[in-house]
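Have a look at the structure below before the remarks.
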Amino acid sequence: MFTGIVESTGSVFSLDGDNLKIETENKKFFNLEIGTSIAIDGCCLTLKNYDNDLLSFQVSYETLSRTSLINNHCGYVNMELPLTMNTLLSGHLVQGHVDGVINIKGIEKLDSELWTFTFDQANKKYLVDKGSITINGISLTVVDPDKDKFSVAVIEETFNRTNLKHLNVDDSVNVEYDIVIKYLEKLNYDN
């Protein structure tokens, strides 16, 4: 379980078959117990081992097929350690189970060091105005959803701390819809 508050960025050193290697300078991600969950661009992956100064993960076909790791990826990843009982829940509850890939349709920088990112190809039934959404592991708030499109406002701190600064129009990103909405859907479906 995660919060969507990105702690660091890293870069994809290599993706060879099912072996993903991530490079980061943040020492917080080293000397962890093998088997620790780490969110990589919002995808919960299990630390397999360390290979010199690289974090190594085994990535399943299911993960590769549902994420942007092999589809227009910018090469930089957002990283977050799992939620603990002592962690502030500053974002929202994020499982690290990516629902799919959506595309960036617009990036606009406003005068106030605020950016507006617009996305499309989202699942409209999970888009709630002012609801939570996770993009590449970042906890964000949905603004003006319309069919399969929505926007998010990104403050300077989030822009500078995450891989958003490396993304361009038409790039693919991982999306995880709010778990509460998915549970409500399941509850309504079963009744």
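Each stretch of four or more DSSP H residues adds -39500 (n - 2.57); spread over every residue of the chain, this sum gives -3500 deg cm²/dmol at 222 nm. Of the residues TYR189, LEU167, CYS74, the one whose Cα sits farthest toward the positive end of the charge dipole of the chain, with +1 on the Cβ of Lys and Arg and -1 on the Cβ of Asp and Glu, is TYR189. Going from the residue with the fewest nearby Cβ atoms within 10 Å to the one with the most, VAL128, VAL154, VAL180, VAL173 rank VAL180, VAL128, VAL154, VAL173. Restriction of the GluC sites (Glu not before Pro) in segment 57-122 to DSSP coil positions whose beta-carbon has at most 13 other beta-carbons within 10 angstrom yields GLU113. Rounded to the nearest Å, what's the spacing between the alpha carbon centres of segment 1-56 and segment 57-93? Just the number, please. Taking the Cα centre of segment 57-93 as reference, the centre of segment 1-56 is 9 Å away.
For the chain, lysine pairs with C-alpha atoms less than 20 angstrom apart, excluding pairs fewer than eight positions apart on the same chain, total 24. In the chain, the longest principal axis of the Cα atoms and the axis of helix 179-190 are about 60 degrees apart. The stretch between SER90 and HIS166, if pulled fully straight at 0.36 nm per residue, gains 25.0 nm over its current Cα-Cα span.
Fewest-first ordering of GLU33, GLU176, GLU185 by other beta carbons within 10 Å of each residue's beta carbon gives GLU33, GLU185, GLU176.
Here the dipole of segment 100-190 is about 220 debye; that uses its Cα centre as origin and unit charges on the Cβ of Lys and Arg (positive) and Asp and Glu (negative). Kirkwood-type hydrodynamic radius, the chain: 16.9 Å, calculated from all non-identical alpha-carbon pairs. Database remark: amide H of SER8 closer than 5 angstrom to the amide H of MET79 (H placed geometrically; neighbours at sequence offset of 5 or more, or on other chains; Pro and chain starts carry no H).
For segment 100-190, the Kirkwood estimate of the hydrodynamic radius, built from every pair of different alpha carbons, is 13.5 Å.
In percent, how large is the relative contact order of the chain, given Cα pairs closer than 8 Å and 6 or more residues apart? After rounding, I find 26 percent. Of the residues PHE57, PHE119, PHE30, the one with the fewest other Cβ atoms within 10 Å heads the list, and the complete ranking is PHE30, PHE57, PHE119. Close amide H contacts of ASP171 (hydrogens built in the peptide plane, cut-off under 5 Å, sequence separation of 5 or more or a different chain): ILE104.
Please identify the trypsin sites (Lys or Arg not before Pro) of segment 132-185 that satisfy two criteria: DSSP loop assignment and at most 11 other Cβ atoms within 10 Å. Which are they? Filter output for segment 132-185: LYS147. For segment 100-190, relative contact order (Cα pairs under 8 Å, six or more residues apart, normalised by length) works out to 35 percent.
Every number in this text was worked out from the coordinates using simple rules, so none of it is lab data. Everything numeric here is computed off the predicted structure, so don't read it as measured data. Heads up, the Cβs are rebuilt from the backbone with ideal geometry, glycines too, and the neighbour counts pull from every protein chain shown.
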